Amino acid sequence: MAKVKRELKLIEVGGTPFQIGFQYGEACPEIKKMLALTYKELEGVGLGRAAVAPLVQKYIPPIEEFAPEILDMLKGIAEGAKVGFEEICLLNVWLDIVSRKLMQGGCTSFIASGEATSNGETIIGQNIDRRPALEETLAVLKIKPNQGPQSLAITLTVGSLGIVGLNSAGLGVNANMVLHKASVSSHGGVPMAAIGTKLLATENMAKAIGVIASAVKISVASATSHLMAVLLASGEGDSVNVEAIPDDLSVLYPEKGIIARANHFQTDRFKSGDLMVTLAPDSFVRSQRLLTLMTQHYGKLSVDVMKELMQDHNDYPDSVCRHGDKTFPPDQQRKSNATIISNLSEKKTYIAWGNPCQNEFTEYKL
């Protein structure tokens, strides 16, 4: 069957943080529709509007401490979209709120660099696995700020900031949802969207690791923790796998230029509190399967090879290229909403919107 050519909405913005946000909000009239969908998602886990409002407020002071420029972006989005500031904050923290009650994602990520690749390039990528209905909420945000590197980010909901992508300094960012028992009891702290956005505004790996450490420190003070593990890579060939819990942070390194991960903790001291053993046992299969495939193609890995590997259906439907499990109710199914592969050496991103086995990759570049 021929693959479908689908392109995500590309939103190009620039200027000061407020101007960036305003242009984003003004370009996306569908933000109001996204708000309605978000409230419906929250109601699905027992959180009505009255209960959500105080939860959103818990995230605003940590965002301001972590990155006041991001708060300016959110204010700009609200003004440009002609909606309330708190509503835009909701679009940027609802995933953090819901994920403490229900496993939302099932992403599989990778990095390949140096001798592992066909010509020494650095390649980073992942799929984004969520409920099928959320596939339509994705977009690509291209940012040209007055200061700092330009970035190309994938937003999980139109109206929210990007979590994964690459920037003009050659930094690539992947994110995998994780869940530790210490993260589920309270709300607040630095949300995933704020962490991803600040990471994509950094100029090197050292500063990026410092960004994650700062988010953890602020979240600890709020008795909370962010809910993602982060893969970082640079066009120079450096790469790390960063995992964190409320009072600890771990930096893991590639083996022979390869990292593959999914949704469980790989740090030994974090494993006793890992909730993915029961919530997403397929994580252990997906990460090992991708590592095996990458090892089989060692020295020949490229963007084109990774496009093929990310279509793998081993352990279907809970495979790397994930398809909805029809034995589950619709609201509990997960599928690959998109697959993103970036060549950091060339500063290009390739995105298949929907399952990569059914949809072609589209090239995006800075």
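Coordinate-derived values only; no laboratory data. Predicted, not measured: the structure shown is a model, and the values here were computed from it. Positions of Cβ are generated from backbone atoms using ideal geometry, with glycine treated the same way; all protein chains shown enter the neighbour counts.
Quick look at the values:
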item	result
Under 15 Å from Lys365, Cα to Cα: aspartates and glutamates that are on another chain or at least 8 residues apart	Glu7, Glu12, Glu346
Region 240-257 and region 10-28: distance between their alpha carbon centers, rounded to Å	33 Å
Candidate lysines - alpha carbon under 23 Å from Lys335, same-chain residues fewer than 8 apart omitted	Lys3, Lys5, Lys9, Lys33, Lys40, Lys101, Lys307, Lys326
Asp72, Asp129 arranged by Cβ crowding within 10 Å, fewest neighbours leading	Asp72, Asp129
15 Å reach of a label modelled at Ser214, 7 Å along Cα-to-Cβ, counting backbone N of region 145-168	148-149
Charge dipole (debye, nearest 20) of the chain; +1 at Cβ of Lys and Arg, -1 at Cβ of Asp and Glu	480 debye
Unit Cα scatterers, Debye sum, the chain: log10 I(q)/I(0) for q = 0.08 Å⁻¹	-0.34
Inter-part distance where region 292-366 and region 139-172 are each reduced to a Cα centre, Å	20 Å
Cα-based equivalent ellipsoid, region 10-98: semi-axes from gyration tensor eigenvalues, Å	22, 16, 9
GluC sites (Glu not before Pro) within region 38-137, DSSP loop, no more than 16 other Cβ atoms inside 10 Å	Glu115
Unit charges at the beta carbon, dipole of region 10-98: most positive-side option, Leu95, Phe66, Tyr39	Tyr39
Candidates Gly80, Gly25, Gly159: whichever shows maximal mean-square fluctuation once the chain is modelled as a Gaussian network with Cα springs under 10 Å	Gly80
FRET efficiency estimate (nearest 0.05) - Cβ-Cβ, Glu12 to Thr295, R0 51 angstrom	0.85
Cβ-based net charge around Leu200, under 12 Å, with every Lys or Arg adding one and every Asp or Glu removing one	+2
